[in-house]
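Notes follow the structure.
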């Protein structure tokens with residue numbers, strides 16, 4: 001079996017809505033990789049009109065692979081690093097209607113779209 005040894009680094013933080021620390025990023029570093037011996041149950045496949053023998057690990061699911069082809073990942077170290085509380089939210093989106101209507105269709109415009117001066121689809125010519 002091929003064996004890969006990794007170190008795992010998990011970065012956590014807390015949100016204003018969820019005060020329990022939770023993982024926001026996971027990084028894995030490969031420390032060691034050991035290749036396996038030759039396949040114990042090679043599979044014959046047709047390729048270009050010829051029969052070719054390939055490792056079972058290339059064509060079978062992981063449950064059906066032989067012990068030599070089945071990959072194994074071993075976690076050597078798991079490190080959790082806290083980033084602390086997450087930064088606060090941006091200013092909330094404005095609610096209600098804008099002072100001026102849509103400059104293309106003339107209908108009332110949501111306050112969140114006031115900076116553009118138009119509805120989202122009015123810019124593409126999709127008006128009534």
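Laid out as a table, the results:
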| read-out | value |
| --- | --- |
| Pair list, Cβ under 9 Å, 6 or more apart: the range 59-79 residue within 15 Å of residue 9 (Cβ to Cβ) and assigned by TED's automatic domain parsing to the domain that holds residue 38, other residue in a loop (DSSP other than H, G, I, E, B) and at pLDDT 90 or above | none |
| The range 59-73, subset surrounded by 11 or more Cβ atoms within 10 Å (Cβ to Cβ) and closer than 30 Å to residue 22 by Cβ, residue nearest to the chain's Cα centre (by Cα) | 73 |
| Scope the range 80-112; condition in contact with a helix residue (DSSP H, G or I) (Cβ under 9 Å, 6 or more places away or on another chain) and either surrounded by 11 or more Cβ atoms within 10 Å (Cβ to Cβ) or within 30 Å of residue 14 (Cα to Cα) (or both); matching residues | 93, 94, 95, 97, 98, 102, 103, 104, 105, 107 |
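The values are calculated or read from the model by the stated rules, or taken from the named source; none is laboratory data. Computed from a predicted structure; not experimentally measured. All Cβ positions, glycine included, derive from the backbone under ideal geometry; neighbour counts span all protein chains shown.
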